[in-house]
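Data block below; observations after.
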Amino acid sequence: MDLNTIEAVAHPKARDQLPVWTAGDAWLAGGTWLFSEPQVHLRRLIDLTDLQWPALMISESGLSIAATCSVAQLDALACPPDWIASPLINQCCRAFLASFKIWKTATVGGNICMSLPAGPMISLTSALDGTATIWPAAGGERKIAVAQFVTGDNRNVLADGDLLRQIDIPLAALKRRSAYRQISLTPLGRSAALLIGSLSGEGALALTVTASTKRPVQLSFAGIPTAKELRETILQRIADDLYHTDVHGKPAWRKHMTLRLGEEIRSELQALL
């Protein structure tokens, strides 16, 4: 869609060239949502592509994902063989149920910053203990867990002019055994519940609930809980008003599927011990 209110497009090549943020500005990375509907409040786009951040970097500490990394680039990553949690990358990329055009354009950072309950990059990076690096408009940088970055439906911790720079995934998370469950109300629908469980080397279970809830919810257990313990924890930790509602699923059904998929993950991971 043409954005006919745009008066200027800035092309910074380094952080010190980022223009002073003003009302009517918007960051432009992939732009798949930005150009999908009228944005009559916008006057200037700040194009991030000329910053040329490396899309993906593997190091001894883990994986760094630039906010401008496309979904296609992430999906094509060749992971080291000992990253046994790496199938989650492909599974979450495919939870988009998007065309190849979207895959090649949409960015990891854009999906996280949209902060929609069904954002699969939120699911992936939250479950893998991702840390978001933010460049505040006032300067400096701050870090926050992705699970805390998203605060609600289409809400996050970013203030006006703040920029998500990258997400760092620790090596330990990439080496955990994992289990993935996702369900949609229709065969090609948006995720109504997406749960990821993982086991640490000490046998601790971490369960990350997304899509069914307005924000990510992480549950931790010292070991594999019983079915009753898991169910009771989910019921206690996720209040009814935290379940999301839209045309892709009502709260009661999302709650039911969260309980069901959580138990499937618990059973799968228990069988690996």
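The values are calculated or read from the model by the stated rules, or taken from the named source; none is laboratory data. Fair warning: this is a prediction, and the values are worked out from it, not measured in the lab. Ideal geometry is used to build each Cβ from the backbone, glycine not excepted, and the neighbour counts take in all protein chains shown. Ligands, DNA and RNA are excluded from the accessible area calculation, which covers all protein heavy atoms including side chains. Shrake-Rupley method; radii C 1.70, N 1.55, O 1.52, S 1.80 Å.
Quick one: dipole size for the chain, taken about the Cα centre, charges +1 on Lys/Arg Cβ and -1 on Asp/Glu Cβ, in debye to the nearest 20. Please list the in-between numbers first.
Working: 26 positive and 25 negative charges, 113 e Å.
In debye, rounded to 20, the chain gives about 540.
Taking each pair of different alpha-carbon atoms in the chain once, compute 1/r for the pair, average those values, and report the inverse of that mean as the Kirkwood hydrodynamic radius in Å to one decimal. Numbers along the way, then the final one.
On the way: mean 1/r = 0.0517 Å⁻¹.
Computed over Cα pairs of the chain, the Kirkwood hydrodynamic radius comes out at 19.3 Å.
Is there a quick way to get the dipole size of region 209-273? I mean about its Cα centre, with the Cβ of Lys and Arg at +1 and of Asp and Glu at -1; what is the value in debye to the nearest 20? Don't jump to the answer; show the numbers that get you there.
Values: 10 positive and 8 negative charges, 25 e Å.
Value, rounded to 20: 120 debye.
I'd like the carbon and sulfur percentage of the solvent accessible area for the chain, probe radius 1.4 Å, heavy atoms only, ligands and nucleic acids excluded.
54 percent
Under the rule of -39500 (n - 2.57) per DSSP H run of 4 or more residues, summed and divided by the residues of the chain, what mean residue ellipticity at 222 nm is obtained, to the nearest 500 deg cm²/dmol?
Numbers: 9 runs with 74 residues, N = 273.
For the chain, the value works out to -7500 deg cm²/dmol.
With bins 10 Å wide starting at 0, give me the P(r) of region 1-41 over every alpha carbon pair, in whole percents.
25, 54, 21, 0
Run the numbers on region 1-105 and let me know its relative contact order in percent, using alpha-carbon pairs under 8 Å that are six or more apart.
Details: 126 pairs, mean separation 27.1, N = 105.
Reported relative contact order: 26 percent.
Which of the three applies to region 119-271, rounded, prolate or oblate, going by the alpha-carbon gyration tensor with a ≥ b ≥ c and a/c under 1.5 meaning rounded?
On the way: a/c = 2.06, a/b = 1.29, b/c = 1.59.
Oblate.
Just to confirm my numbers, what's the Cα centroid distance between region 194-273 and region 1-69 in Å?
34 Å
Among ILE169, ALA204, ASN156, which residue has its Cα positioned farthest towards the positive end of the charge dipole of region 134-273, with +1 placed on the Cβ of Lys and Arg, -1 on the Cβ of Asp and Glu, and the dipole taken about the Cα centre?
ALA204
For region 59-122, just say rounded, prolate or oblate: build the C-alpha gyration tensor, square-root its eigenvalues into a ≥ b ≥ c, call rounded for a/c under 1.5, and beyond that prolate if a/b exceeds b/c, oblate if not.
Values: a/c = 1.71, a/b = 1.54, b/c = 1.11.
Taking the square roots of the gyration eigenvalues as a ≥ b ≥ c, region 59-122 is prolate.
For the chain, what relative contact order do you get, as a whole percent, if you take Cα pairs closer than 8 Å and at least 6 residues apart? It would help to have the intermediate numbers written out before the result.
On the way: 551 pairs, mean separation 41.1, N = 273.
Relative contact order for the chain comes out at 15 percent.
Only helices at least 27 Å long along their axis, Cα-based, and averaging 0.0 or more on Kyte-Doolittle count here, so list those DSSP H runs from the chain.
Helix filter hits for the chain: none.
Using the Kirkwood radius over C-alpha pairs as Rh, can you work out the diffusion coefficient of region 191-243 via Stokes-Einstein at 25 °C, viscosity 0.890 mPa s, in µm² per second?
Numbers: Rh = 11.6 Å.
Estimated via Stokes-Einstein, D reaches 212 µm²/s.
May I ask you to give the solvent-accessible area per residue for the chain, in square angstrom, as obtained with a 1.4 angstrom probe? Present the calculation step by step, with values, prior to reporting the outcome.
Values: 13030 Å² over 273 residues.
Using a 1.4 Å probe on heavy atoms only, each residue of the chain averages 48 Å².
List the lysines whose alpha-carbon lies under 27 Å from that of LYS143, not counting same-chain residues fewer than 8 positions away?
Straight-distance partners of LYS143: LYS13, LYS175, LYS214.
When a/c is below 1.5 the answer is rounded, else prolate if a/b is larger than b/c, else oblate, so apply that to region 185-273 with a ≥ b ≥ c taken from the square roots of the Cα gyration tensor eigenvalues. Write down the numbers at each step before the final one.
Values: a/c = 2.24, a/b = 1.75, b/c = 1.28.
It comes out prolate by the Cα gyration axes.
Mean projection of the alpha-carbon convex hull of region 39-84 over all orientations, in nm²?
Values: hull surface 20.0 nm².
Average of the hull's projected areas for region 39-84 equals 5.0 nm².
So if I place +1 on the C-beta of Lys and Arg and -1 on the C-beta of Asp and Glu, and nothing else carries charge, what would the dipole magnitude of region 1-68 be about its Cα centre? I want it in debye, nearest 20.
Dipole about the Cα centre, nearest 20: 100 debye.
Where does each of 241-254, 170-183 land if you order them by average Cβ count within 10 Å, highest first? Please report the intermediate quantities before stating the final value.
Numbers: 241-254: 17.1, 170-183: 19.3.
Taking the mean over residues of other Cβ atoms within 10 Å, the ranking is 170-183, 241-254.
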